[in-house]
Amino acid sequence: MDDIVNPQDAELEEIVLGACLIESKAITLVAGILRPEVFYIEKNREIYAALQSMYRAGQVIDLMTVKEELTRRGKLDFIGGPYALVSITTRVASSAHLEYHARILQQKYIRREAILGFHKLLAQAADETTDIADTLADAHTLLDQLEKECGMSEHLRSMLQLMEDTVELIETRVASNKNGVTGLPTGFNELNRLTCGWQPGDLVVIAARPSVGKTAFALHLARAAASAGYHIAVYSLEMQGERLGDRWLLAATKEVSPAHLLSGALTPSELREVHEASTELSRLPMYIDDNPSVSMDYVRTSAKLLQSKGDCDCLFIDYLQLCDMKSDQHN
């Protein structure tokens, strides 16, 4: 591991910067691909930071204006003075392959980030004082960041591509339509009519005053989706899993008294009905996590693990205010 060298290309960095300095439109080709931290050489990083700032401000970019910007930032001497800027421009004849060069630099940056991140994970995994759940959460965070870096411009689609993707989605809806429901069924006919079922990518927040049935409503939604064959994960931060089990059993039985269920004073017929309902419920593709100390990293790690096994179509969190939202990310 110690023999691994950080992937970088100082000459290619200067070629990209030189093209941006001599051709006013060149920065528009790389602005959506490169950020200052992509540049490995620190002086090149400072030059690109100045270029990026000027581009965002709508300023004209040439040798003189960039020199003035670096002077204003107090970085002109650091990058080697005006002569360094001029020498960079001699590295390139045109911006013909600029976008391709920029993507090479981006890939090298992603490789460096992967090497650094996996080194840290290796150290964490070897440190037995570190909670392994935190290490797994950090591993998923690293992979998410690397995947986002790889697809920085993949969200930009032509109208032709957008229409093809939209029609494909519509055809999928037609094929999966069941009585007007194209997503996960809610268990309520009127709600199904309004939403066509919960759709992939939906974030639904159930909000109401305390003690009006939010949890009961959410549990019904979860059971309805699971009964339709979808894999459901429920994170209960407020109630023990068995209390959720009580609620599902009461909803699945007709003659069982809630007071009898909680007090244990069930009649033989009630107990029989409870056993029959529990057998039915146990067949549902549902997972319940009642860990009271849950962070969003924990939820994400757990959900990704379930998803990798094909066991996660929808998540329910009860409830968000109890979830630890602290993060090292400032955003």
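The values are calculated or read from the model by the stated rules, or taken from the named source; none is laboratory data. The shown structure was predicted, so the numbers you read here are calculated from the model rather than taken from an experiment. Quick reminder, even Gly has a Cβ in these numbers, built from the backbone with ideal geometry, and neighbours come from all protein chains shown. Please note that ligands, DNA and RNA were not included when accessible areas were found on the heavy atoms of the full protein model with its side chains. Shrake-Rupley method; radii C 1.70, N 1.55, O 1.52, S 1.80 Å.
Brief remarks follow.
- Single residue of region 34-60 satisfying the filter (open to solvent by less than 10 Å² (accessible area, probe 1.4 Å) and not in a helix (DSSP H, G or I)) that is nearest to residue 114 (Cα to Cα): 39
- Residue within region 113-131 that is at positive phi, modelled with pLDDT of 85 or more and either touching a helix residue (DSSP H, G or I) at 6+ places or on another chain (Cβ under 7 Å) or open to solvent by less than 80 Å² (accessible area, probe 1.4 Å) (or both) present: no
- Selection of first residues in region 198-216 that are closer than 23 Å to residue 241 by Cα and of second residues that are part of a loop (DSSP other than H, G, I, E, B), restricted to Cβ pairs under 7 Å at least 6 apart or on distinct chains, gives the following pairs, ordered by first then second residue: 214/206; 214/208.
- When residue 282 is tested against (1) closer than 14 Å to residue 249 by Cα; (2) open to solvent by less than 80 Å² (accessible area, probe 1.4 Å), only condition (2) is not met.
- Any hit, region 155-162, residues being at pLDDT below 85, assigned to a helix (DSSP H, G or I) and open to solvent by less than 90 Å² (accessible area, probe 1.4 Å): yes
- Out of 186, 135, 141, sole residue that is open to solvent by less than 80 Å² (accessible area, probe 1.4 Å), part of a loop (DSSP other than H, G, I, E, B) and modelled with pLDDT of 80 or more: 186
- Selection within region 192-215 - part of a helix (DSSP H, G or I) and either in contact with an Asp or Glu (Cβ under 7 Å, 6 or more places away or on another chain) or open to solvent by less than 50 Å² (accessible area, probe 1.4 Å) (or both): 192, 195, 215
- Within region 219-259, considering residues that are acidic (Asp, Glu) and in a helix (DSSP H, G or I), the one most open to solvent (accessible area, probe 1.4 Å): 242
- Single condition residue 262 does not satisfy, out of (1) of a type outside the set (Gly, Ala, Ser); (2) closer than 30 Å to residue 170 by Cα; (3) free of Cβ contacts under 8 Å to residues at least 60 places away in the same chain; (4) open to solvent by 70 Å² or more (accessible area, probe 1.4 Å): (2)
- Considering residues of region 14-33 that are of a type outside the set (A, V, I, L, M, F, W, C) and more than 30 Å from the chain's Cα centre (by Cα) only, the residue least open to solvent (accessible area, probe 1.4 Å): 18
- Enumeration of residues in region 69-103 that are surrounded by 15 or more Cβ atoms within 10 Å (Cβ to Cβ) and more than 14 Å from residue 30 (Cβ to Cβ): 69, 70, 75, 76, 79, 82, 84, 85, 88, 89, 91
- The number of residues in region 268-316 being in contact with a helix residue (DSSP H, G or I) (Cβ under 7 Å, 6 or more places away or on another chain) and modelled with pLDDT of 80 or more comes to 17.
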